[in-house]
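Reading through the structure tokens given below for one structure.
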Amino acid sequence: MKLILLGPPGAGKGTQAQRLQDRYGLRQLSTGDMLRAAVASGSELGLTAKGIMERGELVPDGLIVGLIEDRIGQADCASGFILDGFPRTVAQAEALDRMLGSRGWKLDKVVEMDVDEAALTARIVGRFSCGKCGTGYHDVFKKAAKAGLCDVCGGSEFTRRKDDNAETVTARMAAYRSQTAPLLPYYAARGVLAKVDGMAAMDDVYRQIESVLGKS
Ligand code: AMP
């Protein structure tokens with residue numbers, strides 16, 4: 001199965017993609033995670049992307065498309081994947097169509113995570129994750145059972161994304177509205193778009209996605 005999770009920053013794409021990956025063995029492909037890894041490694045791509053990401057703007061299509069094209073060609077993607085954070089522009093969506101078409105693959109579903117934008121800033125500012133296993137937490141909405149210790153692996157080092165601050169979030173939302181939201185009619189016209197209520201509780205959102213995928 002080839003799936004896209006689409007929604008503004010803070011809609012919960014990463015959380016849901018991770019659960020789908022664990023449950024169905026679909027590979028989560030997060031361009032944001034790939035770029036953060038590139039920044040951390042100090043690669044040429046990372047050096048180019050760093051400032052753009054800190055400003056909350058989009059990294060040029062050509063760089064992102066190359067990243068995804070390399071990734072979906074790898075063996076672990078053969079049984080399916082969930083795109084989380086890609087495509088983000090119509091040009092990226094067109095490039096994805098070409099990539100899938102050339103392999104004889106098709107997109108099964110695009111799941112729109114419908115959210116109240118006003119609530120997103122609070123969701124994003126306050127996020128942090130375990131530095132060891134990546135489990136996500138929130139200062140208000142999802143605290144660890146024991147403060148300072150990861151519920152999953154017991155790790156005690158946590159990280160916060162540099163772009164999860166109020167100012168950058170405003171720019172990321174603006175980029176979503178102007179460059180990514182046009183993908184909704186793009187995929188609706190292709191008959192693959194389905195909407196779930198991203199404001200529901202996490203488990204409920206997950207069940208809605210399963211139901212859209214015909215897996216409930
Ligand atoms: P995310 O983790 O998906 O919120 O992405 C973090 C940042 O990485 C974004 O604000 C962009 O600067 C960059 N980024 C991630 N995915 C893409 C993409 N598909 N196209 C352009 N920029 C991206």
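The values are calculated or read from the model by the stated rules, or taken from the named source; none is laboratory data. Worth saying up front: this structure is predicted, and the values here are computed from it rather than measured. Ideal geometry is used to build each Cβ from the backbone, glycine not excepted, and the neighbour counts take in all protein chains shown. In case anyone asks, the SASA skips ligands and DNA or RNA and just uses the protein heavy atoms, side chains included. Shrake-Rupley method; radii C 1.70, N 1.55, O 1.52, S 1.80 Å.
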Subset of Lys162/Lys195; Lys2/Lys162; Lys13/Lys146; Lys146/Lys195 violating a 32 Å alpha-carbon distance limit: Lys146/Lys195
Residue-by-residue Karplus 3J(HN,Hα) for segment 115-125, coefficients 6.51, -1.76, 1.60, Hz, glycine and proline x: 9, 8, 4, 4, 7, 6, 4, 4, 5, 7, 6
Most positive-pole-ward Cα, Thr121, Leu45, Phe141, against dipole of the chain from beta carbon charges: Phe141
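Just to confirm, what accessible area per residue do you get for segment 1-108 at 1.4 Å probe, in whole Å²?
Numbers: 4630 Å² over 108 residues.
Accessible surface, normalised per residue, equals 43 Å².
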Partnerless cysteines, meaning none of the other Cys C-beta atoms lie under 4.7 Å away, in the chain: Cys77
Computed label-point distance, nm, for sites Arg103 and Ala78 using a 7 Å Cα→Cβ extension: 1.1
Nitroxide proxy distance, nm - points 7 Å out along Cα→Cβ at Phe141 and Glu117: 1.7
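For an R0 of 30 angstrom, estimate the FRET efficiency from the Cβ-Cβ distance between Asp204 and Leu184 and round to the nearest 0.05.
Working: r = 22 Å, r/R0 = 0.73.
Step by step, r from the Cβ atoms, then E = 0.85.
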Per-residue HN-Hα couplings for segment 180-195 [Karplus 6.51, -1.76, 1.60; θ = phi - 60°; Hz; x = Gly/Pro]: 9, 4, x, 6, 5, x, 4, 7, 4, 5, 8, x, 10, 8, 9, 10
Choice from Ile82, Ile64, Ile52 with maximal GNM fluctuation in the chain (Cα, 10 Å cutoff): Ile52
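Restricting attention to segment 75-168, which GluC sites (Glu not before Pro) occupy a DSSP loop and are surrounded by at most 11 other Cβ atoms within 10 Å?
Values: sites: Glu94, Glu112, Glu117, Glu157, Glu167; in loops: Glu157.
Hits after loop and neighbour filter: Glu157.
Percent relative contact order of the chain, based on C-alpha pairs within less than 8 angstrom and at least six residues apart? Walk me through the intermediate numbers first.
On the way: 303 pairs, mean separation 61.5, N = 216.
Averaging sequence separation for qualifying contacts and normalising by length gives 28 percent for the chain.
Let me spell out the model: positive unit charges on the Cβ of Lys and Arg, negative unit charges on the Cβ of Asp and Glu, origin at the Cα centre of the chain. What dipole size does that give, in debye rounded to 20? Display every interim value, and only then the final one.
Working: 29 positive and 27 negative charges, 59 e Å.
Dipole about the Cα centre, nearest 20: 280 debye.
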Residues whose placed amide H lies under 5 Å from that of Arg190, excluding near-sequence neighbours: none
Long-range amide H partners of Gly131 with built H, under 5 Å: Glu157, Phe158, Thr159
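Quick one: length gained pulling Arg160 to Ala194 fully straight, 0.36 nm per residue minus the C-alpha distance? List each step's numbers first, then the result.
Details: separation 34, 0.36 × 34 = 12.24 nm, distance 3.12 nm.
Going from the current span to full extension adds 9.1 nm.
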Whole-Hz couplings from phi, Karplus 6.51/-1.76/1.60, listed for segment 105-111; x for Gly and Pro: 9, 9, 7, 7, 8, 10, 9
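Just order 159-165, 144-150, 13-19 by mean Cβ neighbour count inside 10 Å, highest at the front, would you? Before the final figure, lay out the partial values.
Working: 159-165: 14.6, 144-150: 12.0, 13-19: 20.9.
Descending packing order for the listed peptides: 13-19, 159-165, 144-150.
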5 angstrom amide H check on Glu112, placed H, neighbours 5+ away: Leu6, Ala194, Lys195, Val196
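Give a quick list of chymotrypsin sites (Phe, Trp or Tyr not before Pro) in segment 110-190 that DSSP marks as loop, anything other than H, G, I, E or B, with at most 12 other Cβ atoms within 10 Å. Write out the running numbers ahead of the final one.
On the way: sites: Phe128, Tyr137, Phe141, Phe158, Tyr176, Tyr186, Tyr187; in loops: Phe141.
Within segment 110-190, the qualifying chymotrypsin sites (Phe, Trp or Tyr not before Pro) (loop, at most 12 other Cβ atoms within 10 Å) are Phe141.
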Segment 144-203 and segment 1-71: distance between their alpha carbon centers, rounded to Å: 11
Accessible carbon and sulfur surface of segment 24-165 relative to its total accessible area, %, 1.4 Å: 53
